[in-house]
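The structure appears right after this line, and notes come after that.
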Amino acid sequence: MNPNDNSPLAGPTASALSPNFTGKVVLVTGGSRGIGRAIVESMASLGGTVVFTYVSQHAEAKELESELQSRNFKVSAVQADVRKDELIAPLFESLEKDHGRLDVLVNNAGVTRDALIAGMDDSNWNDVLATNLTGPFNCSRRAARLMMRRRQGAIINISSLVAQRPGRGHCNYAASKGGLEAMTKALAAELAPRNIRVNCVAPGMIVTDMSQELRELAGDQVLARIPLKRYGEPSEIAASVCFLASEVASYITGTTLHVDGGMII
Ligand code: NDP
């Protein structure tokens, strides 16, 4: 760039170099715990009006809602199971009625049901695919309809290192996250003309309920594979999600950001 060139820059101006969600409506699936909870807290603290979902942990979700509301954050918790379209329909109807818009969707809700293939039940396969892949499809379809009207939006899908580096017992989870990364690229291409960006964040081993058993069973082996020699914190995933969802990342679409302490290497 020519330092004497005073012409306006395309993309974010200096004042827009940090993520800001003031005036934006954000939906985070699976926001009651773990990574989703950190995303809810970060986006609300950056000014967003955040609606988050949970499926079964009602008390935990309502506690988070009250705690954040007491800090004057605009947050609400809604029970909605992402596995079936009819179960998320009321959520999107009330989003439309209450806010008339959706700026950011974070498809975060996910589950694991690890098992070796010879012993994997149909229910383990079906539940993981329904939650981790059909769920983001269901929510993205309804979100896209809302976003297309205003010709703007950002969708962030939470994938996993396992999509690229699967291990034993992961065939259902790896298939769901690999499918999610492929869907991300397809939707990024399809929705770019409508100014809707679609990206993935792929966490490594993050300290949440989901990873607890593995950390307890194989902690030393896992740590040995992490170049930064520590697990990640949910807030470190939330920071990347806020970046990709914000105008700071206005020229980024169809990519996967690996947030894994270098495990992908
Ligand atoms: P947690 O198990 O801590 O939390 C999962 C969240 O998803 C909860 O809020 C849960 O709701 C919600 N959820 C589960 N099933 C459904 C459903 N059918 N409909 C709606 N919500 C649902 O998980 P993490 O925070 O660890 O994981 C978040 C995402 O990050 C997942 O997609 C996961 O695959 C991914 N990830 C996590 C890693 C890690 O090391 N932790 C590593 C790589 C990726 P409720 O509280 O009501 O049960």
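Every number here is computed from the coordinates shown, using simple stated rules; none is lab data. These numbers were taken from a predicted model, which means no experiment stands behind them. Cβ coordinates were reconstructed from backbone atoms using ideal geometry, including for glycine residues, and neighbour counts include every protein chain displayed.
Per-structure values
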read-out	value
Pairs beyond 27 Å (Cα-Cα), from Lys62/Lys185; Lys24/Lys62; Lys74/Lys97; Lys74/Lys177	Lys62/Lys185; Lys74/Lys177
Kyte-Doolittle mean at least 0.5, axial Cα span of 15 Å or more - DSSP H helices of the chain	34-45, 234-245
Candidates Ser250, Ser160, Ser140: whichever shows maximal mean-square fluctuation once the chain is modelled as a Gaussian network with Cα springs under 10 Å	Ser250
Local net charge near Ser32, Cβ-Cβ under 11 Å (Lys/Arg +1, Asp/Glu -1)	-1
Interchain or long-range residues, amide H under 5 Å from Val75's placed H	Val50
Length-normalised contact order of the chain in % [C-alpha pairs under 8 Å, at least 6 apart]	21 percent
Three-way shape call for the stretch 118-265 based on the alpha-carbon gyration tensor, with the a/c threshold at 1.5	oblate
Alpha carbon centroid spacing (whole Å) that separates the stretch 41-106 from the stretch 117-161	17 Å
Helical contribution to [θ] at 222 nm, DSSP H n ≥ 4, -39,500 (n - 2.57), averaged over the chain, rounded to 500	-14000 deg cm²/dmol
Distant-in-sequence amide H partners of Val28 (H built 1.01 Å from N, under 5 Å)	Val51, Phe52, Thr53, Val106
In order through the stretch 160-166: 3J(HN,Hα) via Karplus (6.51 cos²θ - 1.76 cosθ + 1.60), integer Hz, x for Gly, Pro	6, 3, 4, 4, 9, 10, x
Summed side-chain charge close to Asn124 - residues other than Asn124 whose Cβ falls under 13 Å, Lys, Arg +1, Asp, Glu -1	-3
GNM flexibility winner over the chain from Ile35, Ile237, Ile226 (Cα, springs under 10 Å)	Ile226
Candidates Arg215, Arg83, Arg71: whichever shows maximal mean-square fluctuation once the chain is modelled as a Gaussian network with Cα springs under 10 Å	Arg71
